[in-house]
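Reading through the structure tokens given below for one structure.
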Amino acid sequence: MIGHLVVIGVGLIGGSFALDLRRQGLVGRVTGVGRSHANLERARERGIIDAIATDAATAVADADLVLLAVPVGAMPALFRELAPAMPAGCLVTDAGSTKLDVIAAARAELPDHIDRFVPAHPIAGAETSGAGAAREGLYRGKPLILTPLPENQAADVDRVEALWHACGARVTRMDAAEHDRVFAAVSHLPHLAAFALVDELAGRQRADAYFRYAGSGFRDFTRIAGSHPEMWRDIALGNRDALLAELDAYVAKLGDIRELLERGDGAALERLFARARDARHLWLKNRHD
Ligand code: NAD
């Protein structure tokens with residue numbers, strides 16, 4: 001049970017977390033902090049939060065748990081703001097899609113309370129954003145990755161884990177560097193590929209003629225290009241090294257395909273496509289959500 005939860009960034013991720021905890025009676029009251037007053041008002045209307053705070057420092061004065069659910073590039077300044085205001089016993093967690101940069105920011109800006117920061121990343125979400133997009137059950141059956149710090153008390157990590165568990169998430173723990181390498185490959189790179197394809201087509205002189213005929217394959221491949229540009233700017237920059245390595249690997253694979261195509265090597269193309277199809281089938285079969 002959390003007496004006072006402060007959610008900084010009451011959007012899809014932060015709002016859905018608050019809604020789930022409220023529904024289960026696991027939280028006494030929820031205060032929202034954010035950049036957009038209209039969004040916070042919407043969150044209050046929807047019963048996601050009870051109160052709106054003007055700034056993070058005021059909000060956390062008697063907080064038991066603070067969730068940072070803003071774009072990862074906004075986190076360093078918020079850690080700085082929290083540092084002098086953190087009450088004893090208050091835990092801080094986050095939902096950022098990248099972990100090494102967020103942890104580095106917490107170490108730099110929140111050094112006296114680093115033991116109280118428990119980093120987390122819910123593997124759930126959508127291309128929608130804001131308090132209007134928040135919903136109960138978003139995390140049900142979805143993975144949640146904790147990347148605990150050596151300084152964390154086991155009981156604090158367990159407490160954060162229990163809250164996500166209560167939201168229905170399947171919690172696992174992982175090393176932060178490994179987390180960033182894996183998500184560069186399976187999440188961050190696909191977003192770059194989708195943004196790139198749509199931007200390349202949109203930049204053509206007769207773009208409308210192409211978009212008019214784009215069907216469900218195009219829609220599926222580019223769904224994530226509808227994601228929040230600021231959030232993805234921060235993720236790309238926050239995980240730059242791992243993402244550059246993945247980008248190089250992907251470009252190299254596209255180069256291989258280009259070469260096969262140029263040579264007209266249908267047999268090799270078919271083998272490559274079959275390997276990819278089988279790997280995807282297996283992945284789908286083994287998914288739990
Ligand atoms: P969102 O846009 O729905 O919500 C973010 C909220 O933060 C907005 O209400 C915005 O007004 C507020 N905000 C932005 N900058 C701020 C600042 N400097 N100070 C205070 N408030 C600020 O985004 P979201 O999808 O909820 O993502 C939040 C975090 O969760 C991001 O770090 C993202 O990487 C991570 N995440 C997103 C997804 C996803 O699929 N959307 C999945 C997992 C993790």
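The values are calculated or read from the model by the stated rules, or taken from the named source; none is laboratory data. All of these numbers come straight from a predicted model, not from anything done at the bench. In this analysis, Cβ positions are derived from the backbone assuming ideal geometry, glycine residues included, and neighbour counts consider all displayed protein chains.
For the stretch 87-119, the set of residues classified as surrounded by 19 or more Cβ atoms within 10 Å (Cβ to Cβ), touching a Lys or Arg at 6+ places or on another chain (Cβ under 7 Å) and hydrophobic (A, V, I, L, M, F, W, C) consists of Cys90, Leu91, Val92, listed by residue number.
When the stretch 67-86 is filtered for residues that are buried (at least 23 other Cβ atoms within 10 Å of the Cβ) and more than 7 Å from the ligand (Cβ to nearest atom), the ones remaining, listed by number, are Leu67, Leu68, Met75, Phe79, Leu82. Report yes if Pro122 is within 12 Å of the ligand (Cβ to nearest atom) and in the same structural domain as Leu65 (by TED's automatic domain parsing), otherwise no. In short, yes. Residue count for the stretch 95-119 under the criterion of being in contact with a Phe, Trp or Tyr (Cβ under 8 Å, 6 or more places away or on another chain) and near the ligand (Cβ under 9 Å from one of its atoms): the result is 3. Kindly indicate whether any position in the stretch 27-47 is among the aliphatic types (A, V, I, L, M) and in a loop (DSSP other than H, G, I, E, B). Within the stretch 27-47 (the criterion being among the aliphatic types (A, V, I, L, M) and in a loop (DSSP other than H, G, I, E, B)), the answer is no, since none of the residues qualifies. The criterion of being surrounded by fewer than 11 Cβ atoms within 10 Å (Cβ to Cβ) and touching a residue at least 24 places away in the same chain (Cβ under 8 Å) holds for His288.
Conditions (1) in a helix (DSSP H, G or I); (2) more than 23 Å from Leu243 (Cβ to Cβ); (3) free of Cβ contacts under 8 Å to residues at least 12 places away in the same chain, marked per residue:
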residue: Val70; (1), (2), (3): no, no, no
residue: Arg80; (1), (2), (3): yes, yes, no
residue: Ala83; (1), (2), (3): yes, yes, no
residue: Thr93; (1), (2), (3): no, yes, no
residue: Thr98; (1), (2), (3): no, no, no
residue: His121; (1), (2), (3): no, no, no
residue: Ile145; (1), (2), (3): no, no, no
residue: Asn152; (1), (2), (3): no, yes, no
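Residue pairs whose Cβ atoms lie under 9 Å apart, separated by 6 or more positions or on different chains, with the first residue in the stretch 247-276 and farther than 26 Å from Asp180 by Cβ and the second loosely packed, with under 11 Cβ neighbours inside 10 Å, are Leu260/Gly266. Checked against the criterion of being among the aliphatic types (A, V, I, L, M), at pLDDT 95 or above and not in a helix (DSSP H, G or I), the stretch 224-232 contains not a single residue that satisfies it.
When you go through Gly255, Gly203, Gly215, Gly238 one by one, which is the residue that is small (Gly, Ala, Ser) and within 14 Å of the ligand (Cβ to nearest atom)?
Gly238
Of the candidates Gly34, Gly3, Gly47, Gly28, the single residue that is within 9 Å of the ligand (Cβ to nearest atom) and either of a type in the set (Gly, Ala, Ser) or free of Cβ contacts under 8 Å to residues at least 24 places away in the same chain (or both) is Gly34. Counting only residues that are closer than 16 Å to Glu246 by Cα and surrounded by fewer than 17 Cβ atoms within 10 Å (Cβ to Cβ), how many does the stretch 194-204 have? Count: 1.
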